[in-house]
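Working notes, beginning with the structure itself.
No lab work stands behind these numbers, since they all come straight from the coordinates. Because the structure is a prediction, the values reported are computed rather than measured. When we count neighbours, we look across all protein chains shown, and the Cβ atoms used for this are built from the backbone with ideal geometry, even at glycine.
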Amino acid sequence: MAGRYDPNPFDDGEEVNPFAEGSAGKGGKTNYSGGSFYTTGVPAAASSKISLLPHEPANFYNHNGAVDIPLDSAADLKKRERELQAREADLKKREEIVRRKEEAAARAGIVLEEKNWPPFFPIIHHDIANEIPIHLQKLQYVAFMTYLGLVFCLFWNIIATTTAWIKGEDVKIWFLAVIYFILGVPLGYVLWYRPLYRVFRKESAFGFGWFFLFYLLHIGFVIFAAVAPPIVFKGKSLTGILPAVDLVGDQALVGIFYFIGFGLFCLESLLSVWVIQQVYMYFRGSGRAAEMRRGGA
C-alpha cells in the first residue's frame with residue numbers, strides 16, 4: 001500500500017540464527033557461507049554438574065585482621081600477679097638469708113667449699129690447679145698420689161687376704177684387712193692430706209706441725225705393712241714380705257698376691273718419704289719454721 005509507514009525497514013519479521021542447526025531464512029535456506037571450515041552444527045555441552053567450592057571464612061585474605069584470643073578475667077590476672085609477687089618476695093628472703101650466712105662464715109674464717117671430687121660421685125672438695133700456689137702444686141699432686149696409693153694398697157690387701165682365706169687361711173685376716181681399709185682411707189684424708197692441702201692453700205705455718213705428726217705415723221704404718229712381722233696371725237692380715245715368703249711355698253697364687261702387695265707398700269713408703277722431705281725443706285726454707293717459733297714464743 002502506497003504511503004504506508006514502516007517503523008523498521010530492516011526488520012524482516014523473523015529472527016534468524018545462522019549458527020543454529022537447520023536454521024534458515026524465510027525459504028528454509030541460509031545464505032551464510034563459512035567456507036570449508038564452516039560447520040553447520042555446534043555440539044551441545046555435556047550435561048554435567050560441577051560442585052562449587054566452599055566460601056572462605058571472613059577476613060581470610062586480611063592478614064592484618066584481628067585474631068580472637070581468649071583473655072582471662074581481671075580477677076584471674078590479679079590473682080596471678082599476687083602469686084608472682086609472693087614468690088618473688090620469698091626468693092628475695094631466701095637470698096638474704098644465704099647472703100647473711102655467707103657473710104657470717106667469712107667473718108668467722110669459714111670457707112664454704114663445694115664438693116667436686118671424684119667427678120662421678122663428689123664427696124670432697126679438691127681443686128689443686130685453682131687453689132694451691134703454682135710453686136707448690138707439684139708437691140701437692142705427689143702428696144695426693146700418696147693418699148691414692150694408700151687407698152689402693154689397702155684395697156689390694158683385701159684382695160690378697162680374700163685369696164688366702166679361700167685357700168684355707170683363717171677368715172679373721174680378711175676381717176682385719178677390711179678394718180684397715182675402713183679406718184685407713186678416711187683417717188688418712190682427715191689427719192694428714194687435708195691439713196697439708198689447707199696449709200699450702202693459705203701458706204700458713206701453724207698447720208705444719210699437725211701434718212708432720214700424722215704423716216710420720218702414715219709412713220710408719222706403710223713400712224710396717226711392707227714387712228708385716230708375725231705379730232697378729234703371723235702377719236698374714238697385711239701383704240708384707242714375711243707372709244709372702246711363708247705362703248709362696250705352699251700356695252703359690254696367694255704368695256704372688258702377697259708379693260704384689262709388698263711391692264705396692266714399698267712404693268708407697270718411698271713416695272711418702274720423698275713428700276715429707278720436700279715439705280720439710282719448704283717449711284724450713286720459706287721461713288715458716290721461724291714464724292712458727294715466733295708464734296709459739
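Points to keep in mind about this one:
- Cα-based convex hull volume of region 214-289 per residue, rounded to whole Å³: 69 Å³
- Percentage relative contact order, region 197-278, counting C-alpha pairs under 8 Å, at least six apart: 25 percent
- Shape of region 150-297, Cα gyration tensor, a/c cut at 1.5: prolate
- Normalised by 2.2 N^0.38 Å, where N is the number of residues, the C-alpha radius of gyration of region 102-174 stands at 1.72.
- For region 184-278, the dipole from Cβ point charges (+1 on Lys and Arg, -1 on Asp and Glu) about the Cα centre works out to 380 debye, to the nearest 20.
- Length added when fully stretched, LYS78-VAL98, from 0.36 nm per residue minus Cα-Cα: 4.2 nm
- Cα-centre dipole for region 162-214 with unit charges at Cβ (Lys and Arg positive, Asp and Glu negative), debye to 20: 240 debye
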